[in-house]
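Here the structure comes first, spelled out in structure tokens, and everything after it is commentary.
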Amino acid sequence: MVDGDNIEAVCRAFSAHSRTRRCPPARQSKAGVINCDLGMSKPFDIELERLTSQASYSEIVRGVAAGQRGTFFLETFGCQMNDHDSEKVAGLLLSRGYQQVETPEAASLILYNTCSIREKAAQKVFSRLGEYREKQSEGKVIGVLGCVAQQEGEEIFKRAPWVSLVCGSASYRKLPDMLTQLEAGNQRVTGLDTDTDATFETEVTRRDNPWRAYLTIIEGCDKACSYCVVPFTRGPERSRGSDSILKEVRQLAELGYSEVQLLGQTVNSYADPTPRKMRFSELLLAVADVQGIRRVRFTTSHPSDFTPDIVEAIEGQPKICDHVHLPVQSGSTRVLRAMQRTYSREEYLEKIAMMRDANRPIAITTDIIVGFPGETEFEFEETLSLLEEVQYDNLFSFKYSPRPNTPSLSMSDSMLEEEKGRRLAVLQDRQREIQSAKNARLVGKRFEVLVSGKSRRENQWSGYTTSHRMINFASQERELLGTYVQVRVTGASPNSLLGDHAV
Ligand code: 5AD
Ligand code: SF4
């Protein structure tokens, strides 16, 4: 369950590939090995080749040796889509001969991949940029990528004249050209198109998680939720061809990845542009069929495009994970209409019923906004009653935050921050009770876990179940990272489980 004041916390809690667990920027050794410390026990080594999707290790090293272009530091704010965009940007830079470093001090190019979903996230970017004002005089090049870049555009040069590169999330395919201009000594480079119909595919992606690979299958968003900046910052919906997706999945499997997570703001609105015209559910099944793939995840699903064939795919193919993130935003049909969410409370509950009727349990998580303009106490209570009815496995909750260029900006946002805070706290308390009770019922059960963390404490490991529950467990085994093990649950808290390795 996640506090609405911190978008990073959302991503941290929801994603295995989170900021807290993300590998720090890679340190490349002569042996062609990237040292990656998951922030737990001792570092472990990952071959560089395993972190790239398409280029070979030798191609990258050739680039590094030949180019000597300099070093880059890349910091990411925001969602999983941003995390994955950063992986692609890092791959692009590596292939051009840049080397990734751990601190801005050690870098010649400092890049911030930014988030503007709520005001606080955007403010944070400007305060961070302020910290690097002097760096430019030391000859460093500073660049802003992502949603704040798209939203603020050239305004960034006015507010932070020490910035040289501004590239919005819909223009990443222009990055190679922009890098060429920067390398030629250009002081102000921008990429701010949103009318692109192309997707951001790179030849090289440096992947930050050695077992779970992220893959964007649909970019942008064609929905028009009245509170949301995404259609503006990420542009219109563009789906990637199923042939290119499946080719990449096969390459990932050959590189040793066993879990793939398909990404999109509305991932299930996927519309295959190739003559095969695969439905989203067919794509899920085709990805699961790739030899070597053991788990397929997908996020985020939009309720209006959540069709029965997706549930049937989950039912029929155990490799498709039994977890669906289905943001509801509000339990009140009137508020949903004002949010332009395209479904009513009842229609949403029909989707939930479809999942509850499935032949295997499906974990369901959601996003909720409290204090949307005009939300009455009664309408807020409708959201609380929806929590009771659905019994979510996890919840990401936010106080409404007015955003530029959104239709809801013109609605009167007169609710006091204290009242929004109170509603958020009530919602989170209620959800904590639900999660405590649900997790307590799992004690004694066994789950398959992909081990992704090793604790500093001896014999303690952590990983995720297919339903995306975090589990900390004890095992006497010497090496478990990246393996699938059976774990018996011995204890539970609202946000995680405790267990023992069951052999
Ligand atoms: N204010 C508050 N929360 C928002 N979200 C998106 N836009 C806003 C906003 N203006 C939340 C939604 C979305 C999640 C990623 O962020 O709940 O699902
Ligand atoms: Fe934003 Fe709505 Fe699109 Fe989600 S579906 S990204 S909330 S506009």
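The values are calculated or read from the model by the stated rules, or taken from the named source; none is laboratory data. Keep in mind that this is a model prediction, so the values were computed, not measured. Heads up, the Cβs are rebuilt from the backbone with ideal geometry, glycines too, and the neighbour counts pull from every protein chain shown. With ligands, DNA and RNA removed, areas are computed over all heavy atoms of the protein, side chains included. Shrake-Rupley method; radii C 1.70, N 1.55, O 1.52, S 1.80 Å.
Restricting attention to the range 309-354, the residues that are within 16 Å of ligand 1 (Cβ to nearest atom), small (Gly, Ala, Ser) and not in a helix (DSSP H, G or I) total 3.
Scoring ASP429 on the criteria (1) more than 30 Å from GLY463 (Cα to Cα); (2) free of Cβ contacts under 8 Å to residues at least 12 places away in the same chain; (3) more than 16 Å from ligand 2 (Cβ to nearest atom) leaves a single failure, condition (1). Among the residues of the range 328-385, those that are surrounded by fewer than 19 Cβ atoms within 10 Å (Cβ to Cβ), polar (S, T, N, Q) and under 27 Å from ARG441 (Cα atoms) comprise ASN359, SER385.
Going by the structure shown, is GLY444 at positive phi and either away from ligand 2 (no atom under 16 Å from the Cβ) or in contact with a Leu (Cβ under 9 Å, 6 or more places away or on another chain) (or both)?
Yes, satisfied.
What do you reckon, is THR202 modelled with pLDDT under 95, in contact with a Phe, Trp or Tyr (Cβ under 9 Å, 6 or more places away or on another chain), farther than 20 Å from LEU92 by Cβ and of a type in the set (S, T, N, Q)? No, not satisfied. Residues in the range 150-166: is at least one touching a Cys at 6+ places or on another chain (Cβ under 8 Å), closer than 14 Å to THR233 by Cβ and surrounded by 13 or more Cβ atoms within 10 Å (Cβ to Cβ)? Among the residues of the range 150-166, not one is touching a Cys at 6+ places or on another chain (Cβ under 8 Å), closer than 14 Å to THR233 by Cβ and surrounded by 13 or more Cβ atoms within 10 Å (Cβ to Cβ), which makes the answer no. The residues listed here are SER412, SER401, SER408, SER397; of these, the one that is among the hydroxyl-bearing types (Ser, Thr, Tyr) and closer than 30 Å to GLY491 by Cβ is SER397.
Consider the range 217-236 and keep the residues that are touching a strand residue (DSSP E or B) at 6+ places or on another chain (Cβ under 8 Å) and away from ligand 1 (no atom under 16 Å from the Cβ). The one that is modelled with the highest pLDDT is ILE217. In the range 281-297, what count of residues is obtained for those that are closer than 27 Å to VAL328 by Cβ, open to solvent by 10 Å² or more (accessible area, probe 1.4 Å) and among the hydrophobic types (A, V, I, L, M, F, W, C)? The qualifying residues number 1. If only residues of the range 221-265 that are away from ligand 2 (no atom under 16 Å from the Cβ), over 19 Å from the mean Cα position of the chain (by Cα) and part of a loop (DSSP other than H, G, I, E, B) are counted, the one that is surrounded by the fewest Cβ atoms within 10 Å (Cβ to Cβ) is GLY256. Reported count of residues in the range 389-447, each being of a type in the set (Asp, Glu), in contact with a helix residue (DSSP H, G or I) (Cβ under 8 Å, 6 or more places away or on another chain) and surrounded by fewer than 17 Cβ atoms within 10 Å (Cβ to Cβ), is 1.
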